[in-house]
Amino acid sequence: MLEGFKDVSKMVMEHTGVYILYFNEEMLYIGKSINLYERVGSHLRRMRKGKMFRFNRICIHLCSPGEALGLEFTLINKYRPPYNVNNLGSSLTEKPIDLKALGIDITSLKRKEEQMNQDSTSQGFKRRF
């Protein structure tokens, strides 16, 4: 599992961030949303109706909309999940986005992750990574 993401397969919180859909250990899709609860819920409904690929794990990284944009783009370019391939066009560069140039501090993302892990552990959520 990627650093900075939490496995929340049984619980999806209503926040802005980046999410990754997996089937077992295979990364299938990376997306972003300003409302993770609604967006991931729509994926679940489409999957149950047979209108979408199957996935059995959802991992999220909570962040601001600006961070989500840069992080999603960078992760798609780095990992090339099979269901994101159609989203990659000639307008995208092979070079990942410089997150620092966007004002995104990786250190602060790690601190946020640590805080979320502490918060989720104190609230009784199981940490999985």
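Tabulated data for the structure shown
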| read-out | value |
| --- | --- |
| Built amide H within the under 5 Å cut-off of ARG57, gap 5+ | TYR22, ASN24 |
| Amide hydrogen neighbours beyond the local backbone of LYS32, cut-off 5 Å, H modeled | TYR19 |
| The range 34-45 - phi-based ³J(HN,Hα) in whole Hz, Karplus 6.51/-1.76/1.60, Gly and Pro as x | 7, 9, 4, 4, 5, 5, 5, x, 5, 4, 4, 4 |
| Spin-label model distance (nm) - LEU2 vs ARG45, 7 Å beyond Cα toward Cβ | 2.6 nm |
| Long-range HN-HN contacts of HIS15 with modeled amide H, under 5 Å | LEU36, TYR37 |
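Readers should treat all values here as calculations from the given coordinates under stated rules, not as data from a laboratory. Values in this document were obtained by computation on a predicted structure and should not be read as measured data. Note that we place each Cβ from the backbone using ideal geometry, even for glycine, and neighbour counts take in every protein chain shown.
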